[in-house]
Each structure stands twice: as C-alpha cells, then as structure tokens.
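The values are calculated or read from the model by the stated rules, or taken from the named source; none is laboratory data. Since the model is a prediction, treat every value here as computed from it, not as a measurement. Here Cβ is always computed from backbone atoms with ideal geometry, including for glycine, and neighbour counts include all displayed protein chains.
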Number of protein chains: 2
Amino acid sequence: MHETGKAEPMARHSGPAPTLATVADVAGVSRQTVSNALNSPHLLRPETLERVQQAIDSLGYSPNRAARNLRTRSSHLIGLRVDPALEGTANVTMDRFLHSLVESSKDAGYHVLLFSSEGYVDEATVHGVDPVAGYEDLLRSTAVDAFVVTDTYRGNPQAGWLESRDAPFVAFGRPWDVPAATHPWVDVDGAAGVALAIDHVVERGHTRIAWVGWQKNSFIGEDRRSGWVESMHGHGLSTSRLSARGEDTVAFGRRAALALLETERPTAFVCVSDTVAMGVLHALQESDLRPGRDIAVVGFDDSVAAQVVPPGLTSVRQPLEQVAREIVNLLGQRLSHKPIEQPGRLLSPTLTVRSSS
Amino acid sequence: MHETGKAEPMARHSGPAPTLATVADVAGVSRQTVSNALNSPHLLRPETLERVQQAIDSLGYSPNRAARNLRTRSSHLIGLRVDPALEGTANVTMDRFLHSLVESSKDAGYHVLLFSSEGYVDEATVHGVDPVAGYEDLLRSTAVDAFVVTDTYRGNPQAGWLESRDAPFVAFGRPWDVPAATHPWVDVDGAAGVALAIDHVVERGHTRIAWVGWQKNSFIGEDRRSGWVESMHGHGLSTSRLSARGEDTVAFGRRAALALLETERPTAFVCVSDTVAMGVLHALQESDLRPGRDIAVVGFDDSVAAQVVPPGLTSVRQPLEQVAREIVNLLGQRLSHKPIEQPGRLLSPTLTVRSSS
DNA sequence: AACAGGAATTGGATCGATCCAGATGCACGA
DNA sequence: TCGTGCATCTGGATCGATCCAATTCCTGTT
C-alpha cells in the first residue's frame, strides 16, 4: 500500500445516508454479517471482515444511533444535571470535573448529556431547586442509561430517590446521611486534604492556625473541619477559639478573618473553600498584612481564582480526573449488571503550594 | 375533584415500561390517536383527549426517545465540543455559557450533548487539537441534530468544514476570516466592550491608559484592541507606546505591566482578558501600587476570578445568557428550514465596575 | 462416502414511535 | 333520500439497527 493517506470516506453524492443494508449490498453479504463486523468481528472470517470493512469505509457509513438505541434499549448517554452556578463563588470544581467526565465517558463509549432543573418548579419547591427535578423525564423516556449525581453543600437527596426507582447512577459524594445506602459512589477525602494543609503550615512554623469553615449543617464542611481538629491535636496544637463557621461567600471569609485577627491573632488560616479563602485575602489586604509573608492562607479546590490571584493561593486539589474515571468505571459495572466489587471509593487529594503560605 | 395533589404516575408494578400501545389499550383508542394526543392535540375531540391524557397519567407514560428519534430522524440533541481548558486561565466563559445554553435549549425542547476532541488525533495533528475531530462521528450517526461551535482564540476553522457538509450549526463568534460565510452566528461586540471600559476610566480622570492584549494573529484580540484605539482617539488621547501584546497568561500580564510601568507610567490598564488583568494585579502588588487607588485596572470576561480577587476587578461582561438564547433561536430556525432572517447577531457587553478602577 | 460438529452466514421478526392513506361518523344543504 | 365535506379516528407500513432461530459451509473422523 502506498501512502495515500487514510481511506477517506468518499461521500460521492449527498443522497440518503447509507444504512447497514446498503453496506451489506455493496459487500455482498447479509445485514447480519455487517452487524457482526461492527459488534462481534471475531465471528467473521478475516477476508469477509476485510470486505465489509472496505464497504463501510468507502460509503462512509456509521450505524444510526436511534435505531441501535431502540433495539438495544440503551442510549449510551450519561445524564448530568448542571445546577445554576452561584455567581461570585469560586466553584471551579464543575468545570474541571465536567471535562474529565466527558473524557472518561468517551473512552467507555458514552456521551454526557446535560440537563437542568429549572422550569420544573411546583408548589412544594417554589423556593430553591427541586432536588429530583429533571431526572424523572429522562428516566421514563429512556433518554439516558444512567446518571451521575454530584454532591452539594448539603448532601445528596437525589441518591435516595434514584435508588428507590432503581435507576442506575453513581454519586460523586458519600451518602453522608444514609450510611446504609448501597449505591456506588466516589468521593474525595476532605479531612485528609485539610490535614495536608495543616502539616504544611505547621512545617512552616505556624502554631496558631485558624479554621474558616462552613455551617454545621454541611456534611462536607464538617468533614473537612474534622481534618483540622484532628491534625491540630495530632501536632499537639490547640484549636480553641480558632474556628469560624459561615456560608460559602467571599464576604463571610472576610468578616471571619477580620474578627479572628482582632481577637486571636492567628498566623495561618486554613479554609474550607477557595471562595472563603479569597475573603480572607481581602481581609489581609485591608489590614495591610501580606499573605505568604506575614500570614499563611490555604484554600480548598484549587480553583482558577486560586491559581491567578496574586500572589497565588495554596490550595487543596481534588483529583477530579481520577474521580471521573472511577465514576465511569463504576457506571460500567453497574450497567453491565456485574456485581459491584466495592460500592464506595475514597480518593486522596493533594496540596498545591503557592506563595500564600 | 378533590385536592389530592397532582395526578402522580402510580407505577403500580415495575414491569415493562408502558408504550404507546399500552396507553391506547387503556384509553380504548388506537395508537395513532395517542400519538396525536401528544403531538397534535388539536386533532382530538376534547373528551377523547381527556381520556387519553388520563391513561397517560395513570400509567406514567413517556414516549420512548429512541423510537421517536428513529422515526422522525432527529434526536433533539445539540452537540457542543468541550475542549481541554487551559489550567491557570481565567476562562470562566465556558461555565456560564454552558449553563445558559442548557437552559435555553431546554426551553426549545433540546438537550445538550457534550463531546470531546481527544483521542481522534492522527498523524496530521499530533500536536494541538484537530479542529474538526469528533464532529464527523456524531454527524454520520445522526446522534445530534445540530452543533454549537464556539470561537477560539484564533478563529473558527470548524465553521467552514461544517458548512461544506451542510451540517446545521450556529457559531458563537463571527466568521472573521471568511466574511462571505453564510452560516448563522452570534457574537459579542468586543470593541464596544473595551470602549465602555475606556469611557469609564477616562471619566475617572485617567489619560495615560495602556492596553494589554493578545498577539496580532488573534482576531478577537485585535477586535478588542481596536476598541481601545478608537475610543482613545475619540477622547483625543494618545495610544503611542502604551500597548503590549502577548499570550493569554497571568505571566504575560505581569511582565507587560512591569515593563509599561517602568517606561511609560500609565495610570490605567485595560486588558484583553481577566487572565491578563490578573497578571497586571500581580505586577501592581509587587510594585506596592494599590489597584483602584493608585492605578486603575479593567479586565474582560467578568470571570469568577474577577469577582473574588481583592479588591474586585472591574471587567467587561459578555451577555452570555442572551448569546445562548439567540443561538438556540437561530438553531430553531435553521432546523425548521425557515429562512434565516438575519444570519449574524452582534450583542453588546456591559461593564461591571468593582474597586479596581 | 457418510456424518458429526463447529464456524460462518442468512432472513425474518422485533424494538416503539410516526407517517400515510383510507375508513368512519356526523352535519348540512340540495 | 342522497350526496358532499369536514372532523375524527384507524390499521398497516416504516425508520435502521439487533435478536433469534435456522441454514449453509467447512473440516476432520470413522
């Protein structure tokens, strides 16, 4: 064979798209044989396979998705709900995660379908977002094979609902409130991540290390906080009066830092999120303190903001690429009705050190 | 009827999912009549419609997507390629745009399907991303009805390719390099956005206003820059030696600002992107200059980073929600074979003022 | 030469919706 | 009474793939 490049599909005429039957005619075999060439090539004699393959290439044929979906009762689509992002929150998690999920899904032969919750509001949920809105439709119309549900600040109410309908799904986030839940999940060990941060600032000589976290009703927030508490005690340091809790906003981070600076004079702030950490940076700037020189600050999520804010914010980084891979992995097991080896996987984050510490 | 809540689908037994034929049986009508109840209710007598509706509700029926897609030759899916985001770039654009697109699509009865370019690399494109990778497959297998292609830094090579295959698509971004292109597009007037920024800082009393932009080969970059040039001249101000060009990184922004500060002493920096603007902020911090007090800085994109960085970065905000609406709108026209009234729409950005100016 | 047994291949039925052409019912005017 | 016309409803064919059961082709054995 000469170097004539790839066998380009040569779409001679833009007539009706070729079907499996067209290919069968051209190759001089039956429809089933073409189907086998696509799905179970080992059933064909090598020379037959070759002949079919050439017909496929020359026609530029791709199997019609709808027909395949109808027959196999599966769409090879994974549904992911994207909720309205809160402006002013450095929640970069979604962006990075989404890319990784699309990549991993592709490798497994799936595509990601996005849907939203808005517009499904009924009386019961005029305020706030109905946690199961949008899932029902896609499920009933067999538009997707499975869902990926991501944990929110407060937990994961979708999981129970989906489980009760035995809809296939994998959660990003542990079943905090229902330890008995049996669905597959993947999560990142927040406490371990915060412990990394503490070790890091302790190594830098800090002893008065404050925690700026979320409210008590946030499972994730309390998990991360426990990392602070235990790591501090492990280092023989006191946590007394060094903790603040509030919402996930820049404003809260700023207020909390100003208050702590005034009363307790911590030399380091470890924060539950980058958003809150940015608030701390605001406070330092207003107090003419230089992050990284006068006071250390560590965030959580390694968001874009952390990467670009001067002088660079040290932050706990979740292994989202790995999370996505594991999720797709578990999804594959779930969809092929394999017994799930291990329903939950807890991954370890890393620490990205920048100049703020 | 009493207040018994909504007529909940009462999924008695989780047997086989109900089909249109099931509904027809229950309602005592033919399949076609059920189909009409769904797609052309005006064809039914009111009492028949009511009867069918009740059967649908009581069975919890939703039409099977695959079957419908097969018959109608359309998937009601819109394809969007997500390219690997560059870490350390404050490109928040995608996140906000994606949400808006999902919302708008939903209103029009569409869903968004994500796909990626990786893994399609062949000899010709080992380095860099093949601009048309991934489209081919989805197109041939009729997996999506249309594409949304988003402009990149350098232009939009996909557009021409898709147009040549007459694949339905709408571009976010003007056909810079092919003014004769006839495909529908939506774009934001970057020059006008920068002009807003200039007006703003001029009003604040600045006269030595520097431009920190992208390289000459970026159409978008040059468009934004032209806003600076023209607005400056409109105000009777000089642009001489006040311009820097480079790549879209924090590092470049910092270098450019330091160089300009040393030689030209501008009092304001207007930047082509938030990423570059963050670099400028770094430079100011290193030079012990306070943004918003000593020197004004304006970014472009109104990214999360701009919102949370202390003290808050003034930035040009693209009306992405409106962009998404227009895109879906044009897509609808294109798909219903209506003549497109006006192939291109140029929208105006706004300026979000924060403390950096 | 006859035959078992596996490999390779085939044609009809099927998934669940919509399209299409035709059938039925009904009201109205001639 | 008999069409005529319109609104309403029906059953068979169809979209393009895969499932299934059955058939043909090989090859080696006795």
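Couple of notes before you dig in:
- Among all residues of the stretch B:284-305, there is at least one that is at pLDDT below 90, among the β-branched types (Val, Ile, Thr), surrounded by 24 or more Cβ atoms within 10 Å (Cβ to Cβ) and over 18 Å from B:TRP214 (Cα atoms).
- Within the stretch B:68-173, helices (runs of 4 or more DSSP H) holding 2 or more residues that are more than 25 Å from A:SER303 (Cα to Cα), within 16 Å of DNA strand D (Cβ to nearest atom) and at pLDDT below 95: B:135-140
- Residues that are touching a Gly at 6+ places or on another chain (Cβ under 9 Å), within 25 Å of B:ARG354 (Cα to Cα) and surrounded by fewer than 15 Cβ atoms within 10 Å (Cβ to Cβ) do occur in the stretch A:241-251, at least one of them.
- Qualifying residue in the stretch A:252-269 (condition: free of Cβ contacts under 8 Å to residues at least 40 places away in the same chain, of a type in the set (Asp, Glu) and more than 23 Å from A:LEU351 (Cα to Cα)): yes
- Scan of the stretch B:42-67 for residues that are near DNA strand D (Cβ under 10 Å from one of its atoms), in a loop (DSSP other than H, G, I, E, B) and out of contact with any helix residue (DSSP H, G or I) (no Cβ under 7 Å at 6 or more places or on another chain), ordered by number: B:ARG45
- Pick from the stretch B:1-42, criterion more than 17 Å from B:ARG68 (Cβ to Cβ) and near DNA strand C (Cβ under 10 Å from one of its atoms), ranking: modelled with the highest pLDDT: B:SER30
- Top-ranked residue of the stretch A:312-321 - restricted to ones that are within 17 Å of the chain's Cα centre (by Cα) and either among the charged types (D, E, K, R) or within 19 Å of A:ALA195 (Cβ to Cβ) (or both), ranked as farthest from the other protein chains (Cβ to nearest Cβ): A:VAL316
- From the list A:GLU203, A:GLU136, A:GLU222, the lone residue that is within 14 Å of chain B (Cβ to nearest Cβ) and without any contact (Cβ under 8 Å) to a residue 24 or more places away in the chain is A:GLU136.
- Any hit, the stretch A:157-174, residues being of a type in the set (A, V, I, L, M, F, W, C), surrounded by fewer than 18 Cβ atoms within 10 Å (Cβ to Cβ) and under 28 Å from A:SER105 (Cα atoms): yes
- Within the stretch A:31-49, the set of residues being among the aliphatic types (A, V, I, L, M) and surrounded by 18 or more Cβ atoms within 10 Å (Cβ to Cβ) comprises A:VAL34, A:ALA37, A:LEU44.
- Hits in the stretch A:261-311 (condition: assigned to a strand (DSSP E or B) and more than 12 Å from chain B (Cβ to nearest Cβ)): A:ALA268, A:PHE269, A:VAL270, A:CYS271, A:ILE295, A:ALA296, A:VAL298, A:PHE300
- Matching residues, the stretch A:18-38, being within 41 Å of the chain's Cα centre (by Cα), within 14 Å of another protein chain (Cβ to nearest Cβ) and either part of a helix (DSSP H, G or I) or within 6 Å of DNA strand D (Cβ to nearest atom) (or both): A:THR19, A:LEU20, A:VAL23, A:LEU38
- In the stretch A:50-88, the residues that are within 16 Å of DNA strand C (Cβ to nearest atom), more than 25 Å from A:ARG140 (Cα to Cα) and surrounded by fewer than 17 Cβ atoms within 10 Å (Cβ to Cβ): A:GLU50, A:GLN54
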